[in-house]
1. What full-extension length gain, to one decimal in nm, is calculated for E87 and N125 as 0.36 nm per residue of separation minus the Cα-Cα distance?
2. Past 20 Å, Cα to Cα, is the threshold; run K95/K128; K95/K142; K38/K134 against it and keep the listed order.
3. In square angstrom, what is the accessible area per residue of the stretch 71-134 with a 1.4 angstrom probe?
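The values are calculated or read from the model by the stated rules, or taken from the named source; none is laboratory data. These numbers come from a predicted model, not from an experiment. Protein only, heavy atoms only, side chains kept; ligands, DNA and RNA dropped before computing areas. Shrake-Rupley method; radii C 1.70, N 1.55, O 1.52, S 1.80 Å.
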Amino acid sequence: MKQLLLWSMVAVMMIGSASCNAAQGKKNKSVKDVATQKVEVYYFHFTRRCITCNAVEAESKKAVESLYPTQMKAGKITFKGINLDDESSKTIAEKLGVGGQSLLIVCGSKKVDLTSQGFMYARSNPEKLKAEIKTVIDPLIK
């Protein structure tokens, strides 16, 4: 009985140590990957759009282009408007879990949803939307 208890404790300690080492390795890798991966800003929409939907795309694109012209030119940051009614958009929409109008910022496995902020500020306070976008993208490119 004592041997069983001893071996159980040793096994638990080994598993705990291995999982800590694995988690540490993943953490270092993800920080390195984020620095080398490109940031993709997506605005998903349907063919039929309201004034606000058009404003979210226009203001978001304008914000990204004015904040990060050098990174966009280098291809490190992209902005893509994607029509969900097009058959070609189904794959990316499923991959990112999008079912409707959405403003997403994606870098590797990190995905930030700014849809609410986009619809709240695009028409009434575009500078606030620009600040929200900057708050998300800045840590991803540094």
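1. The E87-N125 span can extend by a further 10.3 nm.
2. K95/K128; K95/K142
3. Counting only protein heavy atoms, the per-residue value for the stretch 71-134 is 58 Å².
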